[in-house]
1. Using the structure shown, decide if K50 is modelled with pLDDT of 95 or more, surrounded by fewer than 23 Cβ atoms within 10 Å (Cβ to Cβ) and at negative phi.
2. What do you reckon, is A63 closer than 28 Å to L47 by Cβ, at pLDDT below 95 and assigned to a loop (DSSP other than H, G, I, E, B)?
3. Looking only at residues that are touching a Leu at 6+ places or on another chain (Cβ under 7 Å) and outside any helix (DSSP H, G or I) in region 93-118, which one is farthest from V34 (Cα to Cα)?
4. Quick check on this structure: which one of A157, A97, A143, A135 is aliphatic (A, V, I, L, M), within 30 Å of G64 (Cβ to Cβ) and at pLDDT 95 or above?
5. Read through the list (1) in a helix (DSSP H, G or I); (2) assigned by TED's automatic domain parsing to the domain that holds I28; (3) under 20 Å from D25 (Cβ atoms), then give the number of the only condition that M134 fails.
6. For L121, indicate whether it is loosely packed, with under 15 Cβ neighbours inside 10 Å, hydrophobic (A, V, I, L, M, F, W, C) and assigned to a helix (DSSP H, G or I).
7. Is one or more of the residues making up region 85-100 farther than 21 Å from E24 by Cβ, in the same structural domain as S8 (by TED's automatic domain parsing) and surrounded by fewer than 15 Cβ atoms within 10 Å (Cβ to Cβ)?
8. Out of the residues in region 55-65 that are within 13 Å of I28 (Cα to Cα) and of a type in the set (A, V, I, L, M), state the one that is surrounded by the most Cβ atoms within 10 Å (Cβ to Cβ).
Amino acid sequence: MRMVFDSSTLILLAKVDLLRETAEDISIVMPAKVKEECLLKDSLDALLIKTLIAEGKIKVEKAGHQEAVSKLQADFRIEGAEAQALWMAKKLGCPVAVADGPAIKACKVLGVQFATAIHFLINLKVGGQLELPMALVKLDGLATYGRYSRKIIEDAAKRLKGEN
């Protein structure tokens with residue numbers, strides 16, 4: 001499966017050490033602006049993203065059509081990299097990995113399928129690539145680094161435990 005990523009989701013997955021596993025499962029594509037944001041800081045997550053790009057596990061493509069991207073930014077009050085990722089996903093006809101509320105709302109309005117870092121965590125657990133104790137540790141990391149509500153974290157924990 002091919003999926004476009006925004007910077008927040010890439011960084012979150014890198015911070016909790018799930019990005020490499022995710023890149024093994026799906027074909028990750030990102031716009032140039034997302035790459036720029038991800039590599040802005042000199043950090044371990046930036047180094048991992050840079051390494052995965054060099055290995056060909058993450059592809060960087062030009063988003064194109066700046067007018068449409070600017071309109072998405074204005075209409076949904078999202079950042080430039082998020083708008084590029086959303087535009088690219090719509091253009092390619094594939095889902096987008098996003099992290100914040102306004103981008104998720106834009107996906108819903110535009111009919112673009114989306115996933116969050118929590119979705120990837122749950123899929124790795126369900127797919128047998130993570131045992132429950134480690135999945136819960138990763139969820140704690142997402143709770144620390146992400147802007148997830150307590151309700152979302154509690155729901156994810158239930159799903160990881162097979163309660164939902």
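The values are calculated or read from the model by the stated rules, or taken from the named source; none is laboratory data. It should be emphasised that the depicted structure is a prediction, and the values quoted were computed from it without experimental measurement. Note that each Cβ is placed from the backbone with ideal geometry, even for glycine, and that neighbours are counted across all protein chains shown.
1. Details: modelled with pLDDT of 95 or more: yes; surrounded by fewer than 23 Cβ atoms within 10 Å (Cβ to Cβ): yes; at negative phi: yes.
Answer is yes for this residue.
2. When the stated conditions are applied, A63 passes them.
3. The qualifying residue farthest from V34 (Cα to Cα) is V112.
4. On the way: A157 fails: within 30 Å of G64 (Cβ to Cβ); A143 fails: within 30 Å of G64 (Cβ to Cβ); A135 fails: within 30 Å of G64 (Cβ to Cβ).
Within the list A157, A97, A143, A135, the selection yields A97.
5. (2)
6. No; evaluated as a whole, the condition is false for this residue.
7. Within region 85-100, one or more residues are farther than 21 Å from E24 by Cβ, in the same structural domain as S8 (by TED's automatic domain parsing) and surrounded by fewer than 15 Cβ atoms within 10 Å (Cβ to Cβ).
8. Of everything passing the filter in region 55-65, I58 is surrounded by the most Cβ atoms within 10 Å (Cβ to Cβ).
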